[in-house]
Amino acid sequence: MNEEALRSTKKSHRISNKSRDLNEAQIADIALLLEKEAQILQFYSLGAVKFQDKKLGEILSLRAGLLERMLDFANSCRLGAMPPENGSEALAAKGMNEFLASALLIEKSSMMFYVDLINSCKNAEFKELLYKAQAVSYNEILPILKELNSKCEVDSNSLNLTDLLNEILKNPQELERIFQKYDLQNILNSAFYNLIKGILHKN
């Protein structure tokens, strides 16, 4: 057997091993993760179109990169993963403040979901991918949301997210307490709640 064929055989064996390392529950977790990531990507895509802000385009690019890496992992395990189909819901956020508040809920939900999967995952490569996703959300996306919030005009009926973002960045391990304190669920707009309700709940 020549060297190229040997490398190909070893690679195929590694892929086969990765597939065998995943049980039915882990395969279901990957499918759910891909579905949620596609929903998040659609949310930011709609926001970028509506508000025409290049910073939202940056977040969209980061989220697209995450989904691509997750699809690559799923396909490397021979799961035959395809990007989930997006719905055609229209984004009804009335202003950037409302959109940012919803984006915070989405990122919070994502980070908590990553933690749940990390704690239950036994596949080292999948766990590493989840840690990277968590880092992108916390280290790259949250600071962009903070910057966008600092530029928003705030009126008496809008929520200024500066204090909330600062508290999240200082205490990333206490997300549940922070979000209960600010009671952000109440600021979700019912007109586009259906778009993100699948992201806010694991099941």
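The values are calculated or read from the model by the stated rules, or taken from the named source; none is laboratory data. Keep in mind the model is a prediction, meaning the values are calculated, not measured. Reconstructed Cβ throughout: ideal geometry from the backbone, glycine too, with neighbour counts over all protein chains shown.
Annotations
- Among the residues of region 19-28, at least one is modelled with pLDDT under 50 and assigned to a helix (DSSP H, G or I).
- The single condition from (1) hydroxyl-bearing (Ser, Thr, Tyr); (2) under 17 Å from MET96 (Cα atoms); (3) at pLDDT below 85 that SER16 fails is (2).
- Look at (1) crowded, with 16+ Cβ neighbours inside 10 Å; (2) of a type outside the set (Val, Ile, Thr); (3) modelled with pLDDT under 75; (4) out of contact with any Lys or Arg (no Cβ under 7 Å at 6 or more places or on another chain) and you find that ASN86 fails only one, number (1).
- Qualifying residues in region 141-159 (those that are surrounded by fewer than 16 Cβ atoms within 10 Å (Cβ to Cβ) and of a type outside the set (Val, Ile, Thr)) - the one modelled with the lowest pLDDT: SER156
- Filtered by the rule that a residue be out of contact with any Gly (no Cβ under 9 Å at 6 or more places or on another chain) and of a type in the set (A, V, I, L, M, F, W, C), region 33-50 gives LEU33, LEU34, ALA38, ILE40, LEU41, PHE43, LEU46, VAL49.
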